Each structure stands twice: as structure tokens, then as C-alpha cells.
Amino acid sequence: MTDETRLIKPALLRGWKRKCPNCGNGPMLKDYLKVRDECPVCGEALFHHRTDDGPAWATLLVSGHIMAPLMLIVFTVFRPEGWVMALGFSVVFLALALFLLPRMKGMFVALQWANRMHGFGDDEPVRKEAAE
């Protein structure tokens, strides 16, 4: 491995923590989901990311796979009323999704950074898309 190698596992862990994938110290996000243009600590450019709907998709996928068995267990063990299950699991799902969404976004940005995608590579020029 050379010094130029970007390891995926540490980058994903830093993304989960919502920290800069390069240094691991600076905050990657400002506000709730807005990615900073650059890391305030090391100056790494972060504006190249193209996360689009990936974090939302991954959040729903993970949340659904956690909630489905949990709903089945609660229903078979406790047999609550339908409205109680609907209300209770809606609140739990919302809380879980709000917790996971910024972390998933951080992981998607970190994955793109580690793989030198969309302009994160040193040898790749920054491309600006035409407004046409």
C-alpha cells in the first residue's frame, strides 16, 4: 500500500461519526444534512459528493429490516390493539430514521471519498456540469 491509498473501513467509520473522511476530526455536516464545502480542520474538499437518494434508500432499508421483525415479535407476544401498534411503531420508525439518515449520508460521502469518485481523486479534474 502507498501513502495515496484511502482505506474504506476507516473512512466509513468516520462517515458514520459524521466526521471528515480524511482527518476524522472536522465535522462533515453542518445543520442536519448539509455537507460542508470543505473540512474546517484539514481543508479537504467535500463539495464533490453526489449522494442524491442513496442515504434515504439505505435508511429505509435498514429501518425496515429492524422494524419488521420487531413488529412481528411485539404482535405475537403482546397482541396490542391495531391503533396502538400503528402509532407506537410510527414514532419508533420516525426516530430511527431521523437517527440513521445523517449517518448514512456521512457514510455515502466517505465511500465516494475513499474510492476517489466524482472528483475526490487527486488526478481527476473538477468537473462542473453545464446548466443547460
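Matching residues to (1) touching a Leu at 6+ places or on another chain (Cβ under 8 Å); (2) in a helix (DSSP H, G or I); (3) among the aliphatic types (A, V, I, L, M):
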{"position": "PRO40", "(1), (2), (3)": "no, no, no"}
{"position": "GLY43", "(1), (2), (3)": "no, no, no"}
{"position": "HIS49", "(1), (2), (3)": "no, no, no"}
{"position": "ALA56", "(1), (2), (3)": "yes, yes, yes"}
{"position": "THR59", "(1), (2), (3)": "yes, yes, no"}
{"position": "GLY64", "(1), (2), (3)": "no, yes, no"}
{"position": "MET67", "(1), (2), (3)": "yes, yes, yes"}
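Within region 1-22, the set of residues being surrounded by 14 or more Cβ atoms within 10 Å (Cβ to Cβ) and touching an Asp or Glu at 6+ places or on another chain (Cβ under 9 Å) comprises CYS20, PRO21, ASN22. Kindly indicate whether any position in region 96-112 is aliphatic (A, V, I, L, M), surrounded by fewer than 16 Cβ atoms within 10 Å (Cβ to Cβ), at pLDDT 95 or above and in a helix (DSSP H, G or I). Yes, region 96-112 has at least one match.
Taking (1) in contact (Cβ under 8 Å) with a residue 60 or more places away in the chain; (2) loosely packed, with under 13 Cβ neighbours inside 10 Å in turn, TRP57 satisfies each apart from (1).
Among the residues of region 17-38, are any in a helix (DSSP H, G or I) and not polar (S, T, N, Q)? So far as region 17-38 goes, no, none of its residues is in a helix (DSSP H, G or I) and not polar (S, T, N, Q). Within region 69-85, the only residue that satisfies the criterion of being part of a loop (DSSP other than H, G, I, E, B) and surrounded by 12 or more Cβ atoms within 10 Å (Cβ to Cβ) is PRO80. Scoring VAL91 on the criteria (1) assigned to a loop (DSSP other than H, G, I, E, B); (2) more than 14 Å from the chain's Cα centre (by Cα) leaves a single failure, condition (1).
None of ASP52, ASP37 is loosely packed, with under 12 Cβ neighbours inside 10 Å, at positive phi and free of Cβ contacts under 8 Å to residues at least 12 places away in the same chain except ASP52.
The values are calculated or read from the model by the stated rules, or taken from the named source; none is laboratory data. These numbers were taken from a predicted model, which means no experiment stands behind them. A quick note on method: Cβ atoms are made from the backbone with ideal geometry, for glycine too, and the neighbour counts reach across all protein chains shown.
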